[in-house]
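What follows is one structure encoded as structure tokens, with my remarks underneath.
The values are calculated or read from the model by the stated rules, or taken from the named source; none is laboratory data. Keep in mind that what you see is a predicted model, and the values were worked out from it rather than measured. For neighbour counting, all protein chains shown are included, and Cβ atoms are generated from backbone atoms with ideal geometry for every residue, glycine included. Only protein heavy atoms, including side chains, enter the accessible area calculation; ligands, DNA and RNA are left aside. Shrake-Rupley method; radii C 1.70, N 1.55, O 1.52, S 1.80 Å.
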Amino acid sequence: MRGIVALFLLLLLGAARDPILVPEVSQHEVQLRQGFTGTELLLFGAVLSPEGTRAAQDYDIIVVLKGPTQSIVVREKQKVAGIWINVDSTELRSAPSYYAIASTRPIAQIVDDKTAAIYELGLKWLQLSPIGSIDPDEQARFAAGLVQLNVEKGLYRQEEGAVKVNEQVLYQARIGLPSRVPIGTYTAETFAISKGRVVASASSTVDVRKIGVERAIADFSANYGLFYGLLAVIVSVAMGWIAGRLFALT
């Protein structure tokens, strides 16, 4: 009985020594207006002891900025008879529309594979599971293809060593948002890690939304999809007709 009590006290003392994270984001709202070319968010905060003073040790810090999740169809193209065509596809559930991770040093040096998989710490560990049954090798190929495609678009990024910690207290990381960043509510999560264990985490949110003409067009296309499609076709035909008339006159 005494052994159980002693173990319980040790666990309580260990928990009490865990740090407290106080995260913040430079912008809690990003407005997408005409001519938006991208922006940069500063994710920063403090690592404190339970008493609110400077932490007694150094911690590795990992910050993750994740956009709204969605199901997405990934199609594989191959060149057949000189023409690129879709030959296979699968639908992945809960794929983040945007994902960026920054850390104090390489993630493989901070946590083991199991912990990285649990918390999705890194592009390699995103849980991009398929809808329906699929061969594991095919799933891995489609998931890797989606990640690579989004990396090329600037929508997925992994920046190891980009988190700076000063005096064991203040941390900061800069994460860029491209011009084509999806709208929605983003989650900015910070992890404090010691000896491979996540000892504290905290999160905040960032709202990315369109304003002005872009928002009006987006709302119209979402609420009146059929009319938006017809209008797009009419405008395209009209522009083609006008261009043809201008060339004919010259």
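Structure data summary
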{"item": "Residue, farthest from the chain's Cα centre (by Cα), within the stretch 34-73, restricted to residues that are open to solvent by 80 Å² or more (accessible area, probe 1.4 Å) and within 21 Å of V181 (Cβ to Cβ)", "result": "Q34"}
{"item": "Long-range neighbours under 8 Å by Cβ, at least six apart or interchain, first residue farther than 18 Å from Y99 by Cα within the stretch 163-189, second exposed (fewer than 14 other Cβ atoms within 10 Å of the Cβ) and aromatic (F, W, Y)", "result": "none"}
{"item": "Tally of residues being of a type in the set (A, V, I, L, M, F, W, C) and at pLDDT 95 or above across the stretch 157-171", "result": "2"}
{"item": "Selection within the stretch 116-156 - of a type outside the set (A, V, I, L, M, F, W, C), in contact with a Lys or Arg (Cβ under 8 Å, 6 or more places away or on another chain) and open to solvent by 20 Å² or more (accessible area, probe 1.4 Å)", "result": "S129, K153"}
